[in-house]
Amino acid sequence: MIEIKNITKIYKHDNLETKALKEVSFSIQDGEFVAIIGPSGSGKSTLMHILGCLDVPTSGQYLFEGRDIAKLSDNELADIRRKKIGFVFQTFNLLPRTTVIRNVILPLIYANFPREQREKIAKEALHNAGLEESRFYHLSNQLSGGQMQRVAIARALVNNPSLILADEPTGNLDSKTGDIVLKTFQELNRQGQTIVLITHERYIAERAKRIISLKDGEIIEDVQIAYSQTIKPI
């Protein structure tokens, strides 16, 4: 699904150059659950933006499902972000005075899904994300943090993306709620969903099946691991 070849990213400000990534290379297969970990300044946020087609490398090549991202137009990149990548953020990014179901339906509206199919698809995504059906018509600002993150996961799932890209998805949650969210990702991966999780916490990264560690813009570790905890029903 993803092939990163010798990617370097340089930011320029006045006469100063900052090399955020230095000839980074790796690949991710369909159905993998990969955690990208590193401290502040390691390059993980830059890498996330490139993986999410929000930025392009200074040099090197990023192939997403065989397509060279650097050769695509802004409209083509937007199309990939809308149809192929589901984003889950630390801050949820839900519309607060809008119902749960409406928050999840919005991507379907932008993607021009037929009106009569939208609610059914949104409900299925919410079920897959583990949210109780009794919450579907609550306003999103009436939910707990864990419930809001499940809505955000459902919104990421609703277009049936090739990839879910999760940026510090448990950062605003307590440890118990964060554990529930991580189990949701594990269950989605068990069902075949490809997931890339960005984190600075090792114990969170160890819930994935593979860890890529960054330091000063370079990969210092790329290891396969087993789930640290057995998946239990959500």
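Laboratory data are not the source of any read-out in this text; all were calculated from the coordinates shown. Please read all numbers here as calculations on a predicted model, not as lab measurements. No Cβ is skipped: glycine too gets one built from the backbone with ideal geometry, and neighbour counts run over all protein chains shown.
Neighbour counts of other Cβ atoms within 10 Å put 144, 40 in the fewest-to-most order 40, 144. Considering helices alone, the calculated mean residue ellipticity of the chain at 222 nm is -10000 deg cm²/dmol, with DSSP H runs of length four and up weighted by -39500 (n - 2.57) and normalised per residue. Once you've got the Cα coordinates, tell me which of 22/71; 19/71; 9/183; 84/215; 120/209 are over 26 Å apart. Pairs exceeding the cut-off: 9/183; 84/215; 120/209.
Taking other Cβ atoms within 10 Å as a rough exposure proxy, 134, 42 sort from fewest to most as 134, 42. Taken over the stretch 69-180, the percentage of Cα pairs per 5 Å bin, counting from 0 up to the bin with the maximum distance, is 2, 13, 22, 24, 19, 11, 6, 3, 1, 0. In plain terms, the residue of 143, 94, 21, 106 with the fewest other Cβ atoms within 10 Å comes first and the most crowded comes last, giving 106, 143, 94, 21. For a distance above 30 Å, tell me the whole-number percent of Cα pairs in the chain that qualify. In whole percent, the share of Cα-Cα pairs in the chain beyond 30 Å is 25. When both the stretch 161-224 and the stretch 72-104 are represented by their alpha-carbon centers, they are found 19 Å apart.
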